[in-house]
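Note sheet for the following structure.
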Amino acid sequence: MTNTNKRKNSDENSNIKTKIAIPKYSTITISNNEFHYVKVNLEFESPRKLSEGFFKKAITTALYEAFGNVGSGLAIDILEFDFENQISLLRIPNDYISVFGSALTLFHSFEKNPCRFNIISTSPFLISLAHNSRSWNPS
């Protein structure tokens, strides 16, 4: 797009065409996400493997111990579960992410076995948990 301005020069009267650059792209910002995605690991003091159902029960128990019936009623979805590493990818409503984090921090035992939750990564976008740019190897 061009803008034509007429300027008077002190030496002579002439038409000068001036080009104004207009960007051909725009930035879109996405906000107010409905969910937050969290990658969580469960470690026991003595090695122990839990199934997906018991993993969900451990999360529900952590929420119940911290916040009672209201906390255990949160809608938390397990999107992916890695049995070998005991790592789970969870989807949590965005309004309750701080409640979820504090409940996992306070949790210390499951079925009388000392354990802890490690929050590996968290993001409002699922795609950002797919790859870790810090561990990327170009070869």
Query raised in the report: Being modelled with pLDDT of 90 or more, assigned to a loop (DSSP other than H, G, I, E, B) and not β-branched (Val, Ile, Thr), is that true of even one residue in region 3-23?
Result: no
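Taking the residues in region 94-126 that are in a strand (DSSP E or B), under 21 Å from the mean Cα position of the chain (by Cα) and not aliphatic (A, V, I, L, M) as candidates, determine which candidate is farthest from ARG48 (Cα to Cα).
That would be SER123.
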Report task. Only one of these is over 14 Å from HIS36 (Cβ atoms), surrounded by fewer than 14 Cβ atoms within 10 Å (Cβ to Cβ), at pLDDT below 90 and of a type in the set (Asp, Glu): GLU111, GLU52. Name it. Result -> GLU111
Report summary line: Scanning region 80-92 residue by residue, those part of a strand (DSSP E or B) and over 11 Å from the mean Cα position of the chain (by Cα) turn out to be GLU80, PHE81, ASP82, ILE87, SER88
**Report entry** Only one of ALA62, ALA75, ALA66 that is loosely packed, with under 12 Cβ neighbours inside 10 Å, aliphatic (A, V, I, L, M) and in contact (Cβ under 8 Å) with a residue 12 or more places away in the chain
**Finding:** ALA75
Report summary line: Among the residues of region 38-74, the number that are touching a strand residue (DSSP E or B) at 6+ places or on another chain (Cβ under 9 Å) and either in a helix (DSSP H, G or I) or of a type in the set (Gly, Ala, Ser) (or both) is 11
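The values are calculated or read from the model by the stated rules, or taken from the named source; none is laboratory data. Note that the structure is a prediction, hence the values are computed from the model and not measured. Cβ atoms come from the backbone with ideal geometry, glycine included; neighbour counts cover every protein chain shown.
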